[in-house]
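Engineer: For reference, the structure I am asking about is given below.
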Amino acid sequence: MTCNGNPKWLTTALTLVVAAISASTTISLYFWKKKSKDLETKVGELKTALNSSVKKCAAERKGRIRAQQGLRKALTQSKSENLQRTSYPLTPIGIVHSCFSTRNGTPRQPLLVPLAKASLVFDPSRVPVASLEGLEEYSHCWILYVFHLNTDLDKLWNPHFNSKFKAKVRVPRLKGGRMGVFATRSPHRPCPIGLTVAKVEAVQGNKILLSGVDLVDGTPVLDIKPYLPYCDSVQEATVPKWVMVDNMLTVTSVSFSDGFSSALSDCWQTRENKTLYESPDELLSLIKQVLSWDIRSVSQRNRPHGSLVTGNYEASQNSLDLDDYQDEEASDSETEQARSSCKDLVYHLNLEGLDISYRIDSNGNVVVEDVTISSNIPNGNQNH
């Protein structure tokens, strides 16, 4: 069938349509090829730029490594008074704010006092908040710190000290017997660096809340690392028998005087906004946990005064540093006389800015008598 009886017109129209489609396809194909070629050119340019950047970074890294190696070599080769020394940049990255106001009463080992709380606050200029992301998923962490309150810390600046430091120290579990410093946890070491483990309670910004600590307030921290049970706990590990002797460091009982709870409540209200503890009862439990261990030095247990004078004894002088154990042992008769006078001695424990007074008899029974606001609270403990 033809249109208007003219088959030639229809043929011409179809030819024009086919020609138009072919031209359009040709034009589209041309522009697609041009665009594809431009894209390939850009990809090539980006690959060239990337390779250049990779080579530049590798060169810079190699340069840094060479510079570091050169610095270490220069430091190693430097000599002072014929002693070869190497220095490393060890600067504290944070400070511990602890419930232990002084060295006296601070546990000798971690986790002995589960209620011992502390907050570790990092220097934001050195430790970005992002550095702590993920730490809250661990239950415990290792803490590397400085024994900043050592009484012999100034000696470490003496160039002659390293060759003359005391190789042996008196050990509480050996009743003052001597042992090589590297076989003990003594704070008096050639490098005053401590290692402890603590429970991670929470991570809040640039602050970590800890418990079970054995750190005194103001302790500078060098580093923290997560505790990994599968490699940090050695099941087949062994220790000397003297390490397992705990009975001499524990007390028989801890009791409180009739008015102690009331006095503690009054003090807690004063310190309520400056304490790590939520109630007087929690603080009471902390005191009991701390005094469940005999925090006196060996010389105090054997010869509390050094001379047999009764009265009020400031146990804040009883630091846990082993310089307390350098006194010669008392004779048997002196020791017996000293023990008989123990009932007249009043010891003092500074905890959370509180001055806690207690007595301990020769049988190891502790009676906590009174508590007052400490008149000498370290700056770090003024406000946690």
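The values are calculated or read from the model by the stated rules, or taken from the named source; none is laboratory data. Predicted model, so just to flag it, every value in this text is computed and none were measured. Please note: Cβ atoms are built from the backbone with ideal geometry, for glycine as well, and neighbour counts cover all protein chains shown. Please note that ligands, DNA and RNA were not included when accessible areas were found on the heavy atoms of the full protein model with its side chains. Shrake-Rupley method; radii C 1.70, N 1.55, O 1.52, S 1.80 Å.
Engineer: Can you give me the ranges of the helices (runs of 4 or more DSSP H) entirely in the range 233-312 with at least 3 residues that are within 25 Å of LEU111 (Cβ to Cβ) and either among the polar types (S, T, N, Q) or modelled with pLDDT of 95 or more (or both)?
Structural biologist: Numbers: elements: 260-271, 280-291, 298-302.
Once the helices (runs of 4 or more DSSP H) in the range 233-312 are filtered for at least 3 residues that are within 25 Å of LEU111 (Cβ to Cβ) and either among the polar types (S, T, N, Q) or modelled with pLDDT of 95 or more (or both), what remains is 280-291.
Engineer: Please verify whether the range 340-351 includes one or more residues that are in contact with a Cys (Cβ under 9 Å, 6 or more places away or on another chain) and either modelled with pLDDT under 95 or of a type outside the set (D, E, K, R) (or both).
Structural biologist: Within the range 340-351 (the criterion being in contact with a Cys (Cβ under 9 Å, 6 or more places away or on another chain) and either modelled with pLDDT under 95 or of a type outside the set (D, E, K, R) (or both)), the answer is yes, since at least one residue qualifies.
Engineer: Another one. Given (1) over 17 Å from LEU111 (Cβ atoms); (2) touching a Phe, Trp or Tyr at 6+ places or on another chain (Cβ under 7 Å); (3) outside any strand (DSSP E or B), where does LEU215 come up short, assuming only one miss?
Structural biologist: Failing condition for LEU215: (1).
Engineer: Pick from ASP294, ASP217, ASP258: which is open to solvent by 40 Å² or more (accessible area, probe 1.4 Å) and either under 14 Å from ILE356 (Cβ atoms) or not small (Gly, Ala, Ser) (or both)?
Structural biologist: ASP258
Engineer: Moving to a separate point now. Please enumerate the residues belonging to the range 164-191 that are hydrophobic (A, V, I, L, M, F, W, C) and out of contact with any Ser or Thr (no Cβ under 7 Å at 6 or more places or on another chain).
Structural biologist: Our first condition is that a residue be hydrophobic (A, V, I, L, M, F, W, C); within the range 164-191, this holds for 165, 167, 169, 171, 174, 179, 181-183, 191.
Across the range 164-191, the qualifying residues are PHE165, ALA167, LEU174, MET179, VAL181, PHE182, ALA183, CYS191.
Engineer: Going by the conditions given, is GLU236 open to solvent by 50 Å² or more (accessible area, probe 1.4 Å), under 16 Å from the mean Cα position of the chain (by Cα) and either more than 26 Å from PRO172 (Cα to Cα) or not basic (Lys, Arg) (or both)?
Structural biologist: So GLU236 fails the test.
Engineer: Turning to a different aspect of this structure: Tell me which residues, restricted to the range 85-104, are open to solvent by less than 60 Å² (accessible area, probe 1.4 Å), assigned to a loop (DSSP other than H, G, I, E, B) and polar (S, T, N, Q).
Structural biologist: Correct list: SER101, THR102, ASN104.
Engineer: Quick one: count up the residues across the range 156-180 that are surrounded by 14 or more Cβ atoms within 10 Å (Cβ to Cβ), modelled with pLDDT of 80 or more and among the hydrophobic types (A, V, I, L, M, F, W, C).
Structural biologist: Qualifying residue count, the range 156-180: 4.
Engineer: Same structure, new question: Within the range 63-70, does at least one residue satisfy the condition of being modelled with pLDDT under 80, out of contact with any Leu (no Cβ under 8 Å at 6 or more places or on another chain) and open to solvent by 80 Å² or more (accessible area, probe 1.4 Å)? Quick ask: steps written out before the conclusion?
Structural biologist: Step one: of the range 63-70, the residues modelled with pLDDT under 80 are 68-70.
Imposing the further condition that a residue be out of contact with any Leu (no Cβ under 8 Å at 6 or more places or on another chain) reduces the set to 68-70.
Then drop every residue that is not open to solvent by 80 Å² or more (accessible area, probe 1.4 Å), which leaves 68-69.
Within the range 63-70, one or more residues are modelled with pLDDT under 80, out of contact with any Leu (no Cβ under 8 Å at 6 or more places or on another chain) and open to solvent by 80 Å² or more (accessible area, probe 1.4 Å).
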